[in-house]
Structures are given as structure tokens and as C-alpha cells.
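Since the structure comes first, as C-alpha cells, the remarks are kept for the end.
The values are calculated or read from the model by the stated rules, or taken from the named source; none is laboratory data. No experiment lies behind these values; they were computed from the predicted model shown. Note: ideal-geometry Cβ built from the backbone for every residue, glycine included; neighbour counts use all protein chains shown. Side chains are part of the model used for accessible areas, which takes the heavy atoms of the whole protein and leaves out ligands, DNA and RNA. Shrake-Rupley method; radii C 1.70, N 1.55, O 1.52, S 1.80 Å.
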Amino acid sequence: MSYFFKFLHVLFAVGLLSTAIFCFILFLFRKYAEHQALILRLNKMMLILAVLALITGTFLVHPQFTFHTPWIQAAYIFVTLFSLIVLGLIFFRKKIVASGLSVFIYFLLIIILIVIVHDAVTKSIF
């Protein structure tokens, strides 16, 4: 059963990273005007994937790694931060697009995901 949760967890994590990169590329090449509905859908999908990755990651905490392990706590903090940023993107999408802050925000989301993956693979805090 643990392998099933690992498979789902990796699938959700790869989906999150690829979706964030896709949105970053859309905003980097100024293609957001004709894809506003797609970007909103992708943001909602990222939020759902983040929650699902958090749930499957919770099932993967083994007895040797408790919830007091620093890199596991960091993962929960970063996923919470990631989700709050994506919620901000969903609720304030018109103001963020108008200010041109979107490229930086999606770049920040990609960095957060890379830090989470790095901490999980090395089992230490970056």
C-alpha cells in the first residue's frame, strides 16, 4: 500500500511542478491575455494537487520519520505557503496580472517546489 501512495505522491508533485512551469512560461512570453480562463483553471488544479500531495505525503510519514523531523515540518510549511500564494493568485488575478508581478510569483512557486523536492530527496533542510 505504501508504494501506491508513493506513486500518487510523486505523480502529484510532478503535476504541480509542471503546471507551475507551464504558467510561468505563459506569463514569460506574454500569452496570458488569450489564456486567462486556462490560467485560472491551472491555478485551481495546482491548489487541488497541492492538497492531494499533502495528504499522500502524510500517509508516507514512517515511524522512523516523525512529524517532528525538521524536513517534514519544512515540507508542511512550504506546502502551506505554496497554497496560500496560489489562493492569492486565484482571488487577485486581475490585479496581479495588471501589475506584471505574475512572472515573479510563478518563479517563486517553482523555487518553493524545488526546495520541497530537494529536502525530501536528501532528507535534510536546504
The number of Lys pairs in the chain whose alpha carbons lie under 26 Å apart, excluding pairs fewer than 8 residues apart on one chain, is 7
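Cα gyration tensor of the range 1-48, axes a ≥ b ≥ c as square roots of the eigenvalues: rounded (a/c below 1.5), prolate (a/b > b/c) or oblate? Present the calculation step by step, with values, prior to reporting the outcome.
Working: a/c = 5.66, a/b = 2.66, b/c = 2.13.
Note, shape of the range 1-48 comes out prolate.
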Pick out, from PHE78, LEU109, MET1, the residue whose Cα sits farthest towards the positive end of the charge dipole of the chain, with +1 on the Cβ of Lys and Arg and -1 on the Cβ of Asp and Glu.
-> LEU109
How much solvent-accessible surface does THR80 expose, in Å² to the nearest 10, with a 1.4 Å probe and all protein chains in place?
-> 80
The whole-number value in µm²/s of the Stokes-Einstein translational diffusion coefficient for the chain, with Rh from the Kirkwood sum over alpha carbon pairs at 10 °C and 1.306 mPa s, is 105
All-pairs Cα distance distribution in the range 21-93, expressed in whole percent, bin size 5 Å = 3, 15, 21, 20, 14, 11, 9, 5, 3, 1
So which trypsin sites (Lys or Arg not before Pro) in the range 21-120 end up in coil per DSSP with only 10 or fewer other C-beta atoms within 10 Å?
-> ARG30
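Using a 1.4 angstrom probe on the protein heavy atoms only, line up VAL97, VAL86, VAL14 by accessible area, largest first. Present the calculation step by step, with values, prior to reporting the outcome.
Numbers: VAL97 45, VAL86 0, VAL14 90 Å².
From most accessible down to least: VAL14, VAL97, VAL86.
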PHE104-VAL10 pseudo-label distance in nm [points 7 Å out on the Cα-to-Cβ vector] = 3.6
